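What follows is a single structure, written as structure tokens, with notes after it.
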Amino acid sequence: MNRIDPELFRARFTDWAFAPRPDVPKLIAIDGMTSRRTHDRSAGRKALHLMSAWATSARLVVAQEVVHQ
């Protein structure tokens, strides 16, 4: 299976994402949220918690990961 070099991908993706608005600062906002009604108390499952990285100037989510409490 072929793999993309992560650093090369990051550089190319960043260039693409910020190309339409080069004058805006490259900021990444980090946000956490808990999804409502995703728990199941009878099965012992807690609610789903997500952390997201949001590229503010490109207006897109660049990463999202499930976190455990």
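Considering only residues of segment 51-66 that are assigned to a strand (DSSP E or B) and either over 25 Å from His39 (Cα atoms) or in contact (Cβ under 8 Å) with a residue 40 or more places away in the chain (or both), which is nearest to the chain's Cα centre (by Cα)? Give the derivation first.
First, the residues of segment 51-66 that are assigned to a strand (DSSP E or B): 51-55, 60-66.
Subset that is either over 25 Å from His39 (Cα atoms) or in contact (Cβ under 8 Å) with a residue 40 or more places away in the chain (or both): 54-55, 60, 62.
Working: Trp54: 6, Ala55: 9, Leu60: 8, Val62: 4 Å.
Residue satisfying both the conditions and the ranking: Val62.
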Q | Members of segment 1-50 found to be of a type in the set (S, T, N, Q) and either in a helix (DSSP H, G or I) or touching a Pro at 6+ places or on another chain (Cβ under 6 Å) (or both), listed by number | A | Thr14, Ser42
Q: Go through (1) at positive phi; (2) at pLDDT 90 or above one by one and return the number of the condition Gly44 breaks.
A: (2)
Q) Would a scan of segment 25-32 turn up a residue that is of a type in the set (D, E, K, R) and in contact with a strand residue (DSSP E or B) (Cβ under 6 Å, 6 or more places away or on another chain)? A) yes
Q: Identify, from the list Ala43, Ala58, the residue that is surrounded by 13 or more Cβ atoms within 10 Å (Cβ to Cβ) and of a type outside the set (Ser, Thr, Tyr).
A: Ala58
Q) Only one of (1) surrounded by fewer than 10 Cβ atoms within 10 Å (Cβ to Cβ); (2) at pLDDT 85 or above; (3) not charged (D, E, K, R) is not met by Phe9, so which one is it? A) (1)
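The values are calculated or read from the model by the stated rules, or taken from the named source; none is laboratory data. Since the structure is predicted, the reported quantities are computational estimates derived from the model, not experimental observations. When we count neighbours, we look across all protein chains shown, and the Cβ atoms used for this are built from the backbone with ideal geometry, even at glycine.
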